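Undergrad: I have a structure I would like to understand better, so I am pasting it below and will then ask my questions one at a time.
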Amino acid sequence: MGNFQIDFGKRDRVVGIDLGTTNSLVAFMDLTGPKVIPDPSGSNLVPSVVAVSPDGAIVAGPEARRMLITHPERTVYSVKRLMGRGLADVGEELKLFPFRIAEGSESVIQLLLGDRKLTPPEVSAHVLRHLKRNAEEFLGEPVTKAVITVPAYFNDAQRQATKDAGRIAGLDVLRLVNEPTAASLAYGLDKRKDGIVAVYDFGGGTFDISILKLHEGIFEVLATNGDTHLGGDDIDNLLLRIALEDIASEWELNAPLDPEGVQRLRRAVIEAKESLSFFPSARIELEYQGHAYRREIDRALLEKLIAPIIDRTLGPCRQCLRDSGLTPEQIDEVVMVGGSTRIPMVRSAVEALFRSHPHTDLNPDEVVALGAAVQAAILSGEVEDKLLLDVTPLSLGIETMGGVVSKLIHRNSTIPASATESFTTAVDGQRNVLIHVLQGERELARDCRSLARFDLKDIDPVPAGMARIEVRFLIDANGILSVTAVDKRTGKETGVEVKPSYGLTDEQVEKMILESFEKAGEDFAARQVLEARVEADNILRATDKAKQNDAWLALSDAERAAIDRAINELLVVYHAEDHRLILQKIESLNAATQKLAETMMNAAVGTALKGTHI
Amino acid sequence: MSGYFELLGLPPALTLDAAELQRLFYERSRQWHPDRFARKPEEERQRALDLSSRLNDAYRTLRDPVQRAQYVLAQEGLDAGPQRSADVPPELLEEVFELNMALEELRGGDISVRPQLEAARASFLGMLAAAEARLPELFAAWDAARRRETLAEIRGVLDRRKYIQNLVNEVEKELSAAA
C-alpha cells in the first residue's frame, strides 16, 4: 500500500485542459476518476477572455470578462476563432467581433488591446496561465505538464498555434487531443461496453463530429468532420444583429451603439438564448444611457432563426457517416458535447439524423476537460487499459505541375501517419527543391489551405533528373506535420527549411516565452492589486448603501466617525500599487462596520420574523 | 525497413482474415503507440513515433483488398502505374465511345441523355463489382502457387477496376454538375 502511494506521488502531474472558445477548464485525475478543478471562487468554468487593464497589466478569466463590459476596447474574447489564421481568413468575422487588428497581420493576426499588441497564441497563453495557477493553488504543487484539447477539425496551423500557446504559458504540452475524442474517453469511463459511438460536439465557436469504434479499451476513431467556424457565437451574432437593428430604430441614435453598449447587449442576448433552452420565451433587456430596450423572443422565433445554423452541422455528420462506411442504424450511441447542445432543436435534429436518442448524462461543458484528464493519466502511466487511436481530419498533399494537389496522406488516416515521396531536380546542378505542402480535400492548390513551404537544401549538384531526394511526411499523434529528407545518392539527410504559411516561427515563440518570464512577476503583482481594488469597490459600495439604512442612525457618533475614517483611509491607498496595503485598509473598514452590519442583520431578521407572524 | 506484413506479424499472403488483422493491429498499437512512451527519453519516443506511424500505414494498406494487392504488386516489382489504367480496355471501346458522346451532349446542355448516362453508370458499377468479385479467387491462387501470371492477372483486374472507377467518377461529376 505504502509503495503504491510513493509510486503514485513520484509520477509527474499532468493536467487536462479544455481551451474553449467561450470558457476553459482544467481537470486532473485522482484515484476515483477525473475531476474539474474549480477556481478560487468555486467556479469550474474560466471565461476565455483576456484584457489589458488601463495600467497595462494583463488579466484573464472572470476579471477580464468584467472588463469586457467596462473596457470593451481593451478586451478580447473568442480568440480561438483566430488561432492559426491570417487576416484574409477572418475578414467576415471581424465585422461582428469588435477587435482592432494591427498592421502586418497577414500570417499571424496581431490584436491591439490598449497599447499592447498580442497574437492569438499569446492571448490563449494568458488563459492557460490562469488555469495553471488555479490548478497549482488547488493541488498545492507546481503544474508544468498538460494535455490540451483542440477541435478535431483544426488544421496543422491551428494545432501548432495551440501548442505555441501552451509553451508561452510555461506548459510542456504532452499531447493535443481532439475534443470529441476526449469526450468519448470521459464518457467511456462508466460505459465499458464495445460498440460504435458518434460524438456530436457543438461548442461556442467550433463544430465537430467524430465516429468511434470502442473495443476493449481501444478508442479507434473511424472518421471525423466538422467546421472550425460554427458555434454558439454565430447564434449570438444573429440575435445581436436583430437587437441592434431594433435599437437603432427605437432609440433614434445618431451614431451606432458604443462598444460598451454592444457588449451589454451581447450579454443580454446570450442570457435570453440560454434561457430559451429551458423556457418557451425569454426577454432581451437593456437599459443604457437613459434608454431602455425590451423585446420578447419565443422559442419558435429562435428556432426559425437558427435552423440554417443547425443545418450546417448536418452536412459534416452525413459525410462522416459516409467516410466511416456506416449507416445511421449502425451507430449504437450518440453523445452530445458542448454548450450549444443544450438547445432542444439541436437535440432533435441529431436524434432525427442518427435515429437514436442522444446521451446528455454528462455535463456538456465539462466532459471534454474530464476526457483530457483521462488522456493525461494515460500519458503519465496511471491509466493503462485505455488507448486512443485518432485520425487526421484533412488530407495532406503537395502542389504539383499546374497547381494540382497530389494527395499523400488521406483524411481519416490513423495518426501517427506517414508518406514517402521521391523528388528530383529539373535543372543541371540544382541545389534546392521547394515543396509546397497543403491541407484540404480540393483538387487545386489554390482551393486548399497552404500549410508550409519546405526548402530541401544542399542537394548534391548533378545533372537534371539524376538527383533522388526521398522525403518523408510524418503526422504525429498531435496531428502536426514534420518533414525529413534524405539524398538517396549520398545517403545523407538533406537540410529542410520550413516556411510556415501561417503562425509564429520558433524564434518568435522563444521570444514570447522569455518575455512572459520577465513579465510574470510584474503581471502577478498587477493582478493582485487589481483583485484588491475589486474587493475594495465591493465593500465601499456596500458601506455606501448601508448608510441609507436606519441602522446607520442607530450608531453612536464615534462609531460613525470611525467608519468614515476607515473609508477615507481605504480611498487614500486605493490607487497605490501595493495590494497588501489595500487589503489591510479593507480589513480595518470591515472591523469598523461590524456593528453596523450586525444591526442591519438583526433588523432584517426581525422584519422577516414579523412577516411570518402576520 | 521491414514490410507491412512483417510489421503486423502476418505471413505475406493476399488472403487475409480481417478480424485477425484488427486483433494484431490493436495488440501492436497497445505496445507501440506514442502514448505509451510519453515519459521515456526522446530517442525512444522518436522510435515509437516511427514504428507506430508505419504500423498505421501498414494496417490502412492491408485491410483494403485493392490497396493490399497494389502493395504486393509493387513489392514484386509489378507496379500498376497511372498510364496503364489510362488505356481503354479493348472490350470497353464501344461503350466508352458512346459514353463520351453522351457526356459531350450533357455538357452542351442536352439533358435528354440523362437516363442513358444513369444506365451507363449502373452498368459500370456492375462491371466494377464483377471485377472485384474475381479478386478473392486470384488472391487464393497467388497464395497457393506464387506464379507471376497470377500477379499479372491481378494487375489486369486492378487496372480495369481503376479505369471503370474513373468512368463512374466522371459520369457522377457531370450528372451532379448538370443537376
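Undergrad: Among the residues of region A:141-161, are any farther than 27 Å from residue A:119 by Cα and either assigned to a loop (DSSP other than H, G, I, E, B) or touching a residue at least 60 places away in the same chain (Cβ under 8 Å) (or both)?
TA: Initially, region A:141-161 is screened for residues farther than 27 Å from residue A:119 by Cα, giving A:141.
Restricting the remaining residues to those that are either assigned to a loop (DSSP other than H, G, I, E, B) or touching a residue at least 60 places away in the same chain (Cβ under 8 Å) (or both) gives A:141.
The answer is yes; a qualifying residue exists.
Undergrad: Also, I was wondering about something else. How many residues are touching a strand residue (DSSP E or B) at 6+ places or on another chain (Cβ under 8 Å) and more than 10 Å from every other protein chain (Cβ to nearest Cβ) if we restrict to region B:20-54?
TA: 0
A quick yes/no check of all residues on (1) surrounded by 13 or more Cβ atoms within 10 Å (Cβ to Cβ); (2) on the phi > 0 side of the Ramachandran plot; (3) among the small types (Gly, Ala, Ser):
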site: A:441; (1), (2), (3): yes, no, no
site: A:446; (1), (2), (3): no, no, no
site: A:450; (1), (2), (3): yes, no, yes
site: A:453; (1), (2), (3): yes, no, no
site: A:463; (1), (2), (3): no, no, no
site: A:472; (1), (2), (3): yes, no, no
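Undergrad: Inside region A:11-61, can you point out the residues that are in a strand (DSSP E or B) and among the β-branched types (Val, Ile, Thr)? Write out each step before concluding.
TA: Keep residues of region A:11-61 that are in a strand (DSSP E or B), which gives A:14-19, A:23-30, A:33-36, A:46-47, A:49-52, A:58-60.
Once the filter is applied, which keeps residues that are in a strand (DSSP E or B) and among the β-branched types (Val, Ile, Thr), region A:11-61 yields A:14, A:15, A:17, A:26, A:36, A:46, A:49, A:50, A:52, A:58, A:59.
Undergrad: Counting just the residues of region A:412-434 that are at pLDDT 90 or above and of a type in the set (A, V, I, L, M), which one comes out farthest from residue A:486 (Cα to Cα)?
TA: It comes out as A:415.
Undergrad: If residue A:376 satisfies every condition in (1) surrounded by fewer than 19 Cβ atoms within 10 Å (Cβ to Cβ); (2) within 14 Å of another protein chain (Cβ to nearest Cβ) but one, which is the exception?
TA: (1)
Undergrad: Check whether at least one residue in region A:422-429 is crowded, with 20+ Cβ neighbours inside 10 Å and in contact with a Lys or Arg (Cβ under 9 Å, 6 or more places away or on another chain), and report yes or no.
TA: Checked against the condition, which is being crowded, with 20+ Cβ neighbours inside 10 Å and in contact with a Lys or Arg (Cβ under 9 Å, 6 or more places away or on another chain), region A:422-429 yields at least one hit.
Undergrad: Right, next: Across region A:414-467, what is the total count of residues that are within 14 Å of chain B (Cβ to nearest Cβ) and either of a type outside the set (Lys, Arg) or not in a loop (DSSP other than H, G, I, E, B) (or both)?
TA: Start the filter on region A:414-467 by keeping residues that are within 14 Å of chain B (Cβ to nearest Cβ), which leaves A:414-422, A:442-443.
Right, trim to either of a type outside the set (Lys, Arg) or not in a loop (DSSP other than H, G, I, E, B) (or both) and you get A:414-422, A:443.
Residues flagged as within 14 Å of chain B (Cβ to nearest Cβ) and either of a type outside the set (Lys, Arg) or not in a loop (DSSP other than H, G, I, E, B) (or both) within region A:414-467 amount to 10.
Undergrad: Taking into account only those residues within region A:129-179 that are hydroxyl-bearing (Ser, Thr, Tyr) and buried (at least 24 other Cβ atoms within 10 Å of the Cβ), which is farthest from the other protein chains (Cβ to nearest Cβ)? Write out each step before concluding.
TA: Within region A:129-179, the first condition is being hydroxyl-bearing (Ser, Thr, Tyr), and the residues that meet it are A:144, A:149, A:153, A:162.
From what is left, the residues that are buried (at least 24 other Cβ atoms within 10 Å of the Cβ) are A:149, A:153, A:162.
On the way: A:149: 15, A:153: 20, A:162: 18 Å.
Filtering region A:129-179 for residues that are hydroxyl-bearing (Ser, Thr, Tyr) and buried (at least 24 other Cβ atoms within 10 Å of the Cβ), the one farthest from the other protein chains (Cβ to nearest Cβ) comes out as A:153.
Undergrad: A follow-up question, please. Which residue pairs have Cβ atoms closer than 6 Å, lie 6 or more positions apart in sequence or on different chains, and pair a first residue in region A:467-487 that is of a type in the set (Gly, Ala, Ser) with a second residue that is assigned to a strand (DSSP E or B)?
TA: Partner pairs satisfying both residue conditions: A:482/A:474; A:485/A:456; A:485/A:469; A:485/A:471; A:485/A:494; A:485/A:496.
Undergrad: What pairs come out if I take residues in region A:518-536 that are closer than 17 Å to residue A:587 by Cα and surrounded by 14 or more Cβ atoms within 10 Å (Cβ to Cβ) and pair them with residues that are at pLDDT below 80 and not aliphatic (A, V, I, L, M) whose C-beta lies under 8 Å away, six or more apart or interchain?
TA: That search, which allows pairs on different chains as well, returns A:529/A:577.
Undergrad: Something else now. Quick check: is even one residue across region A:231-248 of a type in the set (A, V, I, L, M) and within 14 Å of chain B (Cβ to nearest Cβ)? Full working, then the answer.
TA: Of the residues in region A:231-248, the ones of a type in the set (A, V, I, L, M) are A:235, A:238-240, A:242-244, A:247-248.
So of that shortlist, the ones also within 14 Å of chain B (Cβ to nearest Cβ) come out as none.
No: region A:231-248 contains no residue that is of a type in the set (A, V, I, L, M) and within 14 Å of chain B (Cβ to nearest Cβ).
Undergrad: Quickly run through region B:56-77 and pick out the residues that are facing chain A (nearest Cβ under 9 Å) and either in contact with a helix residue (DSSP H, G or I) (Cβ under 7 Å, 6 or more places away or on another chain) or not in a helix (DSSP H, G or I) (or both).
TA: B:59
Undergrad: Here is a follow-up. Among the candidates A:557, A:578, single out the residue that is surrounded by 13 or more Cβ atoms within 10 Å (Cβ to Cβ) and outside the structural domain of residue A:54 (by TED's automatic domain parsing). Reasoning before the result, please.
TA: Details: A:557 fails: surrounded by 13 or more Cβ atoms within 10 Å (Cβ to Cβ).
Going through A:557, A:578 in turn, just one is surrounded by 13 or more Cβ atoms within 10 Å (Cβ to Cβ) and outside the structural domain of residue A:54 (by TED's automatic domain parsing): A:578.
Undergrad: Listed residues A:218, A:284; which is surrounded by 15 or more Cβ atoms within 10 Å (Cβ to Cβ) and in the same structural domain as residue A:71 (by TED's automatic domain parsing)?
TA: Being surrounded by 15 or more Cβ atoms within 10 Å (Cβ to Cβ) and in the same structural domain as residue A:71 (by TED's automatic domain parsing) holds for just one of A:218, A:284, which is A:218.
Undergrad: Residue under question is residue A:387, and the condition is that it be within 14 Å of chain B (Cβ to nearest Cβ) and on the phi < 0 side of the Ramachandran plot; does it hold?
TA: Answer is yes for this residue.
Undergrad: Hey, residue A:213 hits all of (1) more than 14 Å from every other protein chain (Cβ to nearest Cβ); (2) surrounded by fewer than 23 Cβ atoms within 10 Å (Cβ to Cβ); (3) of a type outside the set (Val, Ile, Thr) but one; which does it fall short on?
TA: Result: residue A:213 fails condition (1) only.
Undergrad: Working only within region A:237-279, note down all residues that are surrounded by 16 or more Cβ atoms within 10 Å (Cβ to Cβ) and at positive phi.
TA: Within region A:237-279, no residue meets the criteria.
Undergrad: Does region A:24-65 hold any residues that are without any contact (Cβ under 8 Å) to a residue 24 or more places away in the chain and of a type outside the set (Gly, Ala, Ser), and which are they?
TA: A:30, A:31, A:32, A:62, A:65 - these are the residues of region A:24-65 that are without any contact (Cβ under 8 Å) to a residue 24 or more places away in the chain and of a type outside the set (Gly, Ala, Ser).
The values are calculated or read from the model by the stated rules, or taken from the named source; none is laboratory data. All values derive from a computational prediction rather than experimental measurement. Positions of Cβ are generated from backbone atoms using ideal geometry, with glycine treated the same way; all protein chains shown enter the neighbour counts.
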